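The values are calculated or read from the model by the stated rules, or taken from the named source; none is laboratory data. Because the structure is predicted, anything quoted here is derived from the model rather than measured. Note that we place each Cβ from the backbone using ideal geometry, even for glycine, and neighbour counts take in every protein chain shown.
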Amino acid sequence: MKEESRKQLLFVEAIKTDIINSIERNAPIIGNRNPMVGAGPNDHSWVYPEDYFWTDSFWTGQLWFAYMITGKTEYKNMARMRNAHLNKILDTPLWLNHDLGFEFSLSAVADYKLTGCQEARKLGLRAAEALRSRYNWHGKYILAWTAGSGNKAHAESVQGKIIIDCMENLSLLMWAYHETNNESFKEAAIGHAETSMKYIIRDDYSTYHTYDFDPATNAPIGGKTHQGYADESCWSRGQAWAIHGYAQLALITGEQKFAEVSEKCTEYMLSKITEDFVPVWDYLLPKNEIQYKDTSAGAVTSAGLFILSELFKSYGDQDKSDYYRELGMKMLIALRDNYDLTDDINAQGLLSDSASSVPHAKLRDQENLANAMLPYGDYYYFEAVLRALGHKDLFW
Ligand code: GLY
C-alpha cells in the first residue's frame, strides 16, 4: 500500500474510533429519544421533539453502525428501543410523508440486514408500502408532505409537491422490491427519480429544493424553495441529497444514467464550493448574507462522493474512481479538521456548524436552526468514514 493511502486509512480509522467513543459516552444521555437539532452554536446538547419529527432514525442508524463494528449487544438493543415509536409513525396518518425512507432504512432495514430479524423485515416492508402509497402513478412522483387540517394555504401548497430530499428515500422501495420481487416498488422508485431528473434538476445541474405539479392534471408548475435562500438559488443540502441519492440509486439499480446525474451535480458543487471545501448553506447565497456553513451538506456530499468512487471502480474506470475518492477524502478531512466535536466530552453529537434551515431560523428568531449540530450531519459523517474504510453494504 502506498504511504499516502496508509496515512489516509490511519486518519479515517482515528475518526471511527472517536465516533464510537462519542456514541458510547452519549448513549445513556440520549436514551430512547430522537435527537432533532443541536441547542445552539456553542451548546452541543440535543433538543428533542415532543412527538414526531422526521429525524427519528439518524441516531438509530449510528447505533446500528456501532453494533456492526463492535458487535456489542447494547447498541442493538438500544436501536430496537425505537421500534415502538416507529410502529406509531406507521399508525399515525398525519405523520406519514416521504421521509419514511430515512426513518425505516436506518432502523428496520438496518436491523434486518445485520441480524436477519423477521419482525424488522415486516416493519420495513410495511413502511415501504406506506411510501409506495404516496406515489402518483399518473404523474410519476412521490408526494413529499401531508397536509394537516389547520393551515389551508399549507394544505393547498403540498398537494402536488415533490422535494429533492426524497432521492434518499427511494432505497426503501428498492429494498422492498428485492425482498418481494414486486415490480411496483421499483416502478415507483425509478419513476420518481426520472421525474426529479426532469424537473428538480436544472439544466446546469443545480437543484430546486421543491417542485410543484398541478394536483388535478399533474402538469408541471415550477420550482420553489423551502429551506434554501431563494426559489432560483441552490440549497447546498438539497444538492447533496441529489449527489448522494442518485449515486446510491445507480448502485442499487445498476443503471449508469443515475451515476451521470450524480457526477454532473458534483461538477456544479465543485464550481461553487468555497476554498475550505465545506459547503455554505446555499451555493448561490449573496455575499451580504451571513455565510453560515452547513457541515451536514458536507457530510452527505462526502458520503456520496465515496459512492461515486465505488461505482466507477465497478465500471472499470479506476482514474475516475480515484478522483471521486480524493474529493470525498478532501471533504472528510475538512470536516474533521474544523468541525469535529468528538474530543469535547460535553458534546452529544459529532459535528458542529450545520444549518437545519436558515429561513426558518430567521422567521422564528431561533439561531440553532442556522448553526448547530444535526443528527443527519452526524449519521452521514459516520457513513462517509465507513465508506472511506471500504464498507460497501450499508443500510440503504
Ligand atoms: N430533509 C430535510 C432536510 O434536509 O432538512
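Please specify each residue of the stretch 273-309 satisfying the condition of being touching an Asp or Glu at 6+ places or on another chain (Cβ under 6 Å) and touching a residue at least 60 places away in the same chain (Cβ under 8 Å). Steps first, answer last, please.
Step one: filter the stretch 273-309 for residues touching an Asp or Glu at 6+ places or on another chain (Cβ under 6 Å), giving 279, 281, 293, 295, 303.
The answer is Trp281, Lys293, Thr295, Ala303.
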(message) Being in contact with an Asp or Glu (Cβ under 8 Å, 6 or more places away or on another chain) and under 21 Å from Gln366 (Cβ atoms) is the filter here; which residues of the stretch 5-34 pass it?
(response) Asn34
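Can you list the helices (runs of 4 or more DSSP H) lying wholly within the stretch 93-175 that have 3 or more residues being touching a Leu at 6+ places or on another chain (Cβ under 7 Å), away from the ligand (no atom under 16 Å from the Cβ) and over 22 Å from Phe65 (Cα atoms)? Before you say what the answer is, go through the steps one by one.
Values: elements: 100-104, 110-115, 118-132, 152-157.
So the answer is 118-132.
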(request) Go through (1) in contact with a helix residue (DSSP H, G or I) (Cβ under 7 Å, 6 or more places away or on another chain); (2) on the phi < 0 side of the Ramachandran plot and name the single condition Asp353 misses. (result) (2)
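For Gly245, indicate whether it is over 25 Å from Asn368 (Cα atoms) and within 14 Å of the ligand (Cβ to nearest atom).
Details: over 25 Å from Asn368 (Cα atoms): yes; within 14 Å of the ligand (Cβ to nearest atom): yes.
For Gly245, the condition - over 25 Å from Asn368 (Cα atoms) and within 14 Å of the ligand (Cβ to nearest atom) - is met.
Would you point out which residue out of Gly61, Gly40 is in a helix (DSSP H, G or I) and of a type outside the set (A, V, I, L, M, F, W, C)?
Values: Gly40 fails: in a helix (DSSP H, G or I).
None of the other options fit; the residue is Gly61.
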(message) So in the stretch 130-168, with the set limited to residues that are touching a residue at least 40 places away in the same chain (Cβ under 8 Å) and of a type in the set (Ser, Thr, Tyr), which one is surrounded by the fewest Cβ atoms within 10 Å (Cβ to Cβ)?
(response) Thr146
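Yes/no matrix, rows are residues, columns are (1) closer than 21 Å to Lys7 by Cα; (2) at pLDDT below 95; (3) surrounded by fewer than 24 Cβ atoms within 10 Å (Cβ to Cβ); (4) of a type in the set (S, T, N, Q):
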residue	(1), (2), (3), (4)
Glu275	no, no, yes, no
Trp281	no, no, no, no
Gln291	no, no, yes, yes
Thr301	no, no, no, yes
Leu305	yes, no, no, no
Phe312	no, no, yes, no
Arg325	yes, no, yes, no
Thr342	yes, no, yes, yes
(message) Return the residues of the stretch 5-61 that are within 26 Å of Gly328 (Cα to Cα) and polar (S, T, N, Q); say none if nothing qualifies.
(response) Ser5, Gln8, Thr17, Asn21, Ser22, Thr55, Ser57, Thr60
(request) Take the residues in the stretch 213-229 that are more than 29 Å from Ala384 (Cα to Cα) and part of a loop (DSSP other than H, G, I, E, B), then tell me which one is nearest to the ligand (Cβ to nearest atom). (result) Pro215
(request) Taking the options Lys264, Lys287, name whichever one is over 21 Å from the mean Cα position of the chain (by Cα) and more than 26 Å from Gln159 (Cα to Cα). (result) Lys287
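Could you tell me which residue of the stretch 196-207 is surrounded by the fewest Cβ atoms within 10 Å (Cβ to Cβ), considering only residues that are farther than 15 Å from Glu255 by Cβ and out of contact with any Ser or Thr (no Cβ under 7 Å at 6 or more places or on another chain)?
Start the filter on the stretch 196-207 by keeping residues that are farther than 15 Å from Glu255 by Cβ, which leaves 198-207.
Those still in the list that are out of contact with any Ser or Thr (no Cβ under 7 Å at 6 or more places or on another chain) too: 198-199, 202-207.
Details: Lys198: 11, Tyr199: 18, Arg202: 13, Asp203: 5, Asp204: 11, Tyr205: 21, Ser206: 22, Thr207: 29.
Only one residue fits best here, namely Asp203.
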